[in-house]
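Asker: One structure coming up, written as structure tokens, with questions to follow.
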Amino acid sequence: MTDGEKHALSPDFWKFWAGQTISNLGSSFTQWAVPILVYQLTHSAVNLGIATAATFLPYLMFGLLIGAWMDRVDRKRAMIALDWLNSIVILSIPLVATFGHLTVWWIYAVTFLQSTIFIAFSAGEFAAIPSLVSTDDLVTANGRIQATFSAAQVVGPLLAGALLSVFSITWVMAFDAGSFVVSAISLSLIRGSFNPPRETPKEATTILHDVREGLRYVLSHPVLRNISLMMALINFVTASTFAELVLFADQRLDASKRQIGLLFAAGSAGVVVTGLLAGRLRKRFSFTALAMTSLMLMGLCTIVFAGMRWFWAALPFWAAAGGLGILFNINTGSLRQAIVPNHLLSRVLSIAGVLAWSAIPAGAIVGGWVISVTDNVALVYGVIGLLTICIAAFFRFFTALGDAQRYVDERKAEEQRAASETEAVLA
């Protein structure tokens, strides 16, 4: 499908977006319920940590292989099947709790399986969006998806808590299982394919060959290589700001439990605002100006937040930092989608995910250790903000990211040449 044939935010995109909005709302129920269930069963901080590790482990174990696999299959059919599988996996928790004996190990297994399925589905979703909108509308589409995802993080736990007056916590999770069914149906209603047009048959390759091809492409491309490195550094540096937020709120802001919950909600609310504005901002500013400036401003907000002692003054700076961070993510994701050939998109996302997610646990552990040694959480937050600004400035002025738009224009020119050659052959 050429750019001329695509429709900005077409009916197919609206079907896709509606299905994923409902699915994300359902998933927020499970994300809220799982740690509560683990704590009810074990009353152990270690077991809560294991539950978190079960979420990250699939990225390190399977991320690269899953991304390559999604580039080899019919993405839409695979995503529909993954939705149905996810529904069954989630539904197993209330069924086992009702008719059997629910253990923490069953919850670990469900968390591990769901995270693995999520990796595959996300890889397909990332590659599908360029098939639904034009290149110029990628930021708008990604922004809307991210905004509704974050809105679900605010609304979902509140709805789930209200449902406890009628259902047990395990059966609240059944709503998540139902949301995956809705997602599967919405995907089946989309007419177009999520894969690139079939080209001349190529020599059969192994999945390991495809993984190596994706790695070579990312590491040899100056923009993609630097984005991956920068994302890993940023996630390593900033992981502690989220991991230690409860500690900061307690020690620096003297926040109550209700206020701590409001702080988390404010971060998601900031993401909703910037997600909805991302498309308009991208049309006014280049990738470099928007993405790198938003990252620097996020660092600045973190520094100001670190110096706050009054909760209500700190709240808007935390919301702004969360929104600016996701604005950066939306633009880097859209840049990848605009640059990378469609048949490589799932692999590129999985590579980015492995690099980014693997840095978070290490960064959180190191940050927690530094806070325990210095006994000064505000100082650590301030240094994190400063390092964020320095990392963004370095990649802005000393790497290919300073001229990222040139690579987008080159990719557009390649697509136009390919379309012209195809039309000439058909004529």
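The values are calculated or read from the model by the stated rules, or taken from the named source; none is laboratory data. These numbers were taken from a predicted model, which means no experiment stands behind them. Cβ sites come from the backbone with ideal geometry, for glycine too, and all protein chains shown count toward neighbours. Please note that ligands, DNA and RNA were not included when accessible areas were found on the heavy atoms of the full protein model with its side chains. Shrake-Rupley method; radii C 1.70, N 1.55, O 1.52, S 1.80 Å.
Asker: So, with +1 on the Cβ of K and R and -1 on the Cβ of D and E, and no other charges, what is the size of the charge dipole of the chain about its Cα centre, to the nearest 20 debye?
Answerer: Dipole magnitude for the chain comes out near 360 debye.
Asker: Also: Per the 1.4 Å probe, what fraction of the accessible area of region 4-151, in percent, lies on carbon and sulfur atoms?
Answerer: Solvent-exposed carbon and sulfur of region 4-151 make up 70 percent of the total.
Asker: Hand me the tally of lysine pairs in the chain: alpha carbons under 23 angstrom apart, and the pair either on different chains or 8 or more positions apart.
Answerer: Total qualifying Lys-Lys pairs in the chain comes to 7.
Asker: State to the nearest 20 debye the size of the charge dipole of region 14-149 about its Cα centre, where the only charges are +1 on K and R beta carbons and -1 on D and E beta carbons.
Answerer: 160
Asker: If packing is taken as the average number of other Cβ atoms within 10 Å across a peptide's residues, how do 136-147, 370-381, 157-168 rank, most packed first?
Answerer: 136-147, 370-381, 157-168
Asker: For Rg and Dmax of the Cα atoms in Å, several values are listed as (1) 23.3, 83; (2) 21.2, 68; (3) 21.8, 73; flag the one computed from this structure.
Answerer: Checking each listed value against the structure points to (3).
Asker: Could I ask something else about it? In terms of the Cα gyration tensor, with a ≥ b ≥ c the square roots of its eigenvalues, is region 144-274 rounded because a/c is under 1.5, prolate because a/b exceeds b/c, or oblate?
Answerer: Judged from the Cα gyration tensor, region 144-274 comes out oblate (a/c at least 1.5, b/c at or above a/b).
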